[in-house]
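The values are calculated or read from the model by the stated rules, or taken from the named source; none is laboratory data. These numbers come from a predicted model, not from an experiment. Note that each Cβ is placed from the backbone with ideal geometry, even for glycine, and that neighbours are counted across all protein chains shown.
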Amino acid sequence: MAEREVLVDKMRMTYEGLFSILDIYKLMDEWFEEKGYDKREAKNIESVFPEGKYVEIVVEPWKKLTEYAKSVIKVRMIFSDIKEVEVEKDGVKVRLNQGKAHFVFDAYLETDYENRWESKPTFFLIRTMFDKYFYKPYTSQLQGEVKDSIGDLHARLKGLLNLYRY
């Protein structure tokens, strides 16, 4: 079984005001494509209530870093009390969403995801020794890359949401 090391655990961001769910989703898609991640949408729920719409999207992109390690990012987007409003921006009417947005980011580094070292107990022991003593600088570098990636995604999303404040 592959080992999954948690690098970023529940990094949160909350926003309340005007935004566009479509623009947020588009930004995420473009970022995943730019960084070479393969996207998997684990959950997509939309419910309508009297106080507004509730939308929950969970996306789990992954990327093979090497034959031994891959990074997995989990982004949970929760939009609540969503109402559509028309806003005039530069003389043009634009349809936006108004409500609350909550984002939760997780990042993992999976090693031996193809279970090559799990077939025999001696292989498992050898893998543990290699991970602990020889691959440590190598996996530390990969961990840093994954943390930088999730930080970049967080910053881009924050920048997009700050564009709607006016």
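When you check Val48 against the structure, is it modelled with pLDDT of 90 or more and within 30 Å of Tyr138 (Cβ to Cβ), yes or no? Judged against the criteria, Val48 is not a match. Go through the residues of the range 16-32 one by one and say whether even a single one is out of contact with any Ser or Thr (no Cβ under 8 Å at 6 or more places or on another chain), without any contact (Cβ under 8 Å) to a residue 40 or more places away in the chain and farther than 30 Å from Glu88 by Cα. Within the range 16-32, one or more residues are out of contact with any Ser or Thr (no Cβ under 8 Å at 6 or more places or on another chain), without any contact (Cβ under 8 Å) to a residue 40 or more places away in the chain and farther than 30 Å from Glu88 by Cα. Of the residues in the range 117-126, at least one is in contact (Cβ under 8 Å) with a residue 12 or more places away in the chain, over 19 Å from Trp31 (Cβ atoms) and not basic (Lys, Arg). Checked against (1) over 24 Å from Tyr25 (Cβ atoms); (2) in contact with an Asp or Glu (Cβ under 8 Å, 6 or more places away or on another chain); (3) without any contact (Cβ under 8 Å) to a residue 12 or more places away in the chain; (4) among the aliphatic types (A, V, I, L, M), Val94 passes all but condition (1).
Looking for something surrounded by 12 or more Cβ atoms within 10 Å (Cβ to Cβ), of a type in the set (S, T, N, Q), within 21 Å of the chain's Cα centre (by Cα) and modelled with pLDDT of 75 or more - is there at least one such residue anywhere in the range 117-140? Yes, the conditions are met somewhere in the range 117-140. The strands (runs of 3 or more DSSP E) found wholly in the range 23-115 and carrying at least 1 residues that are under 30 Å from Asp131 (Cα atoms) occupy 52-59, 62-64, 69-89, 92-111. For the structure I just gave you, tell me whether Asp148 is without any contact (Cβ under 8 Å) to a residue 12 or more places away in the chain, among the acidic types (Asp, Glu) and at positive phi. So Asp148 does not fit the description; no.
Table: residues versus (1) farther than 18 Å from Met11 by Cβ; (2) surrounded by fewer than 18 Cβ atoms within 10 Å (Cβ to Cβ); (3) in contact (Cβ under 8 Å) with a residue 24 or more places away in the chain.
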| position | (1), (2), (3) |
| --- | --- |
| Glu41 | yes, yes, no |
| Lys53 | yes, yes, yes |
| Glu60 | no, no, no |
| Ala69 | yes, no, yes |
| Lys74 | no, no, yes |
| Glu84 | yes, yes, no |
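Among the conditions (1) closer than 24 Å to Glu60 by Cα; (2) at pLDDT below 90, the only one that Leu160 does not satisfy is (2).
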